[in-house]
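Read the structure below first, then the notes.
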Amino acid sequence: MPENEKTRLQKFMGGGKQGYQIAFQMAWPAVMESFFIALAGMVDSLMVSSIGAYAVAAVGLTTQPKFIGFFFLFFYFTWR
């Protein structure tokens, strides 16, 4: 990371404990969203597991695009 960007980041985030608190405040909604997406997929799989293997596979096929989309959004907003 170039020195100019590092200095800008330190000014934005603050130093030491305050910087970590700001980062945590910014990150916890995304962490919770990821958790709830995974939880919804697990609950969906559990609900249809009594129907059969094809139903569980169908739930898996609908859950994967959510994670792929989440990955691409995360990648886009992290590396731009």
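The values are calculated or read from the model by the stated rules, or taken from the named source; none is laboratory data. Quick caveat: nothing in here was measured; it's all calculated off a predicted structure. Glycine gets a Cβ as well: all are built from the backbone with ideal geometry, and neighbour counts include every protein chain shown.
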- Task: Could you list all residues from region 26-52 that are β-branched (V, I, T) and under 13 Å from F67 (Cβ atoms)?
- Result: I37
- What pairs can you find where one residue is in region 20-34 and farther than 16 Å from F77 by Cβ, the other is of a type outside the set (K, R) and part of a helix (DSSP H, G or I), and their Cβ atoms are less than 8 Å apart, with a gap of 6+ or different chains? I22/M13
- Message: If I filter region 1-22 for residues that are modelled with pLDDT under 80, of a type in the set (D, E) and part of a helix (DSSP H, G or I), do I get at least one hit?
- Response: yes
- Item | Test: residue in region 40-62 that is among the β-branched types (V, I, T), at pLDDT 85 or above and not in a helix (DSSP H, G or I) | yes
- Message: Return the residues of region 14-37 that are of a type in the set (A, V, I, L, M) and surrounded by 12 or more Cβ atoms within 10 Å (Cβ to Cβ); say none if nothing qualifies.
- Response: I22, A23, A30, I37
